[in-house]
Structures are given as C-alpha cells and as structure tokens.
Amino acid sequence: MGIRRSLVVVAVLTAICSVSAMVGPQQAGAKGKPAVARTVKTASGLKYVDVKVGSGMSPVKGKQVKVHYTGTLENGKKFDSSVDRNEPFTFVIGVGQVIPGWDEGVMSMKVGGKRKLIIPSKLGYGAAGAGGDIPPNATLLFDVELLDVAK
C-alpha cells in the first residue's frame with residue numbers, strides 16, 4: 001500500500017509541475033486568467049503595448065516628464081538609450097520638443113508604467129531620417145518607462 005500511495009503522490013506532483021510549466025510565469029489577470037499584452041493602434045497610426053501599467057499620475061500637456069528609453073530600428077539595431085547612459089531624459093510633453101509619436105505615446109501613460117511604442121515614420125523623423133543612425137522613412141521602436149511627471 002505504501003508504494004501505491006507514493007506513486008499517486010509522484011503522479012499528482014508531476015501533473016502540477018507540468019501545468020505550471022505550460023502556464024509559465026505570466027501575471028494573472030482578472031479572475032486568475034493569464035494577462036495578455038494587447039497592441040493598441042491609435043487613429044494616427046501609432047501602436048503601443050503596455051508592458052506594465054503604472055499607478056502614478058498621467059502627464060498633462062505642458063508638464064515636464066522624465067523617462068528612461070531604448071530606441072531601436074525594426075532590424076533590432078539600437079540607435080539610442082538613456083538606460084545605457086544611466087541618464088533619464090526630461091522633456092515638456094505635448095509642445096513639440098520630441099517627435100509626435102513620443103508626445104502621443106507617453107501622454108496616456110502613468111508614472112511607473114512601461115510601454116513599447118511602435119512609431120511609424122510619419123510620427124517619427126519621416127523622409128529626412130535623423131543623423132546617420134535613423135534612415136529615411138524608418139519605423140521606430142521604443143521601450144519607454146515613465147519615471148516622473150512634474151507637479
């Protein structure tokens with residue numbers, strides 16, 4: 001009887017481990033279901049995915065915001081990163097200090113949030129490109145973390 005009981009325990013533990021491995025380390029959403037990142041496409045053509053929704057304030061046009069970011073091209077080539085420099089980037093939102101895709105994409109975030117921005121060329125640097133790192137008509141990918149909004 002002891003061997004039979006041991007085999008049952010091993011079978012149950014194996015089943016639990018198998019289910020855990022299939023589900024993975026995803027965060028639970030509503031009613032215990034795994035959270036699924038959803039790509040949002042705005043009317044302007046900007047796309048974004050909230051990797052982590054913050055719990056702090058949202059920016060308001062004309063307020064100073066502080067972010068960390070990493071920018072890459074569609075081919076994966078990194079062209080800039082405040083994270084690599086360990087130097088957050090500060091700008092006034094909604095007044096054209098940054099490319100339009102940033103103004104739009106950061107405006108709806110909350111402090112503490114992390115978002116992947118997929119910025120079409122028309123909301124980035126367009127046909128001109130930027131310097132030698134961003135070619136003309138490039139789609140830009142940014143991982144952005146909103147660190148602070150000035151009060």
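Observations on the structure shown:
- When residues in the range 131-140 are screened for being at negative phi, out of contact with any Asp or Glu (no Cβ under 8 Å at 6 or more places or on another chain) and at pLDDT 95 or above, 4 of them pass.
- Scan of the range 117-136 for residues that are charged (D, E, K, R) and under 17 Å from Thr70 (Cβ atoms), ordered by number: Asp133
- Residue match in the range 70-84 (condition: among the acidic types (Asp, Glu) and either more than 19 Å from the chain's Cα centre (by Cα) or surrounded by fewer than 16 Cβ atoms within 10 Å (Cβ to Cβ) (or both)): yes
- Across the range 47-69, the qualifying residues are those that are of a type in the set (A, V, I, L, M) and more than 13 Å from the chain's Cα centre (by Cα), and the one among them that is farthest from Gly112 (Cα to Cα) is Val60.
- Residue match in the range 134-147 (condition: among the acidic types (Asp, Glu), in contact (Cβ under 8 Å) with a residue 12 or more places away in the chain and in contact with a Lys or Arg (Cβ under 8 Å, 6 or more places away or on another chain)): yes
- Selected residue (criterion: nearest to Val144 (Cα to Cα)) from residues of the range 42-69 that are aliphatic (A, V, I, L, M) and surrounded by 17 or more Cβ atoms within 10 Å (Cβ to Cβ): Val67
The values are calculated or read from the model by the stated rules, or taken from the named source; none is laboratory data. Model, not experiment: these values are computed from the prediction. No Cβ is skipped: glycine too gets one built from the backbone with ideal geometry, and neighbour counts run over all protein chains shown.
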